[in-house]
């Protein structure tokens, strides 16, 4: 009975023939006139620039929930609560200072034992965002049909662009200085850039007071604006790549 699977010896022999067939082609390619020479005296390095800045963007989430035996009634109550809140907060809305948008809106079934639906649970969200903190917190206090659920801080687009430019300039200067130092240390008089990439990240530090006042947010929102205090963000730009010493 003939086997269709080659023996181990036959497989090794075929691999050897394939390897021998590739070697002349590789050698010929390496010796082809005009081919780019293999890179030499090339080193990799990276440098980072960091700038710490006060967060200037407040995101405040208002939310409300409803329960009921009928999905349509729960949805209707949620819609009414959102409409009332929107009317209150949009009175002082201003692009960039206080922007208003609706968030999550959902109605989900509530199940009893045995898998039968015995009611409905709904949740609606309204998001206030901008650079004018007093304007935002005062608007939230007027939205009595919803309560504060979450507070977050970050950087506005303008602030982020400005800080990234500063961090990038620092990173580039450090990259160039490091490239010159390394090239000189190896006995070269100069260098040239071969390939460079630039990337940026930022990490935000939320104020500690937000966590401590979280329990009182719901009660405070109905009486007076909630006091908020931003933290700081650390913006980092990294420049990395390869440098040709010469």
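The values are calculated or read from the model by the stated rules, or taken from the named source; none is laboratory data. Quantities reported herein were computed from a predicted structural model and do not represent experimental measurements. Note that we place each Cβ from the backbone using ideal geometry, even for glycine, and neighbour counts take in every protein chain shown.
Miscellaneous remarks
- Restricting the range 93-120 to residues that are more than 21 Å from residue 154 (Cβ to Cβ) and touching a residue at least 24 places away in the same chain (Cβ under 8 Å), the residue that is surrounded by the most Cβ atoms within 10 Å (Cβ to Cβ): 120
- Taken over the range 178-207, the residue count meeting the criterion of being under 23 Å from residue 39 (Cβ atoms) and either in the same structural domain as residue 136 (by TED's automatic domain parsing) or not in a strand (DSSP E or B) (or both) is 13.
- So residue 86, is it farther than 30 Å from residue 203 by Cβ, touching a residue at least 40 places away in the same chain (Cβ under 8 Å) and assigned to a helix (DSSP H, G or I): yes
- Being under 29 Å from the mean Cα position of the chain (by Cα), in the same structural domain as residue 62 (by TED's automatic domain parsing) and part of a helix (DSSP H, G or I) is a property that residue 100 lacks.
- Test: residue in the range 230-239 that is within 30 Å of residue 141 (Cβ to Cβ), modelled with pLDDT under 90 and surrounded by 11 or more Cβ atoms within 10 Å (Cβ to Cβ): no
- The single residue among 167, 143 that is within 28 Å of residue 95 (Cβ to Cβ), over 25 Å from the mean Cα position of the chain (by Cα), at pLDDT 95 or above and crowded, with 18+ Cβ neighbours inside 10 Å turns out to be 143.
- Qualifying position, being within 27 Å of residue 130 (Cβ to Cβ) and surrounded by fewer than 18 Cβ atoms within 10 Å (Cβ to Cβ), among 53, 69, 82, 89: 53
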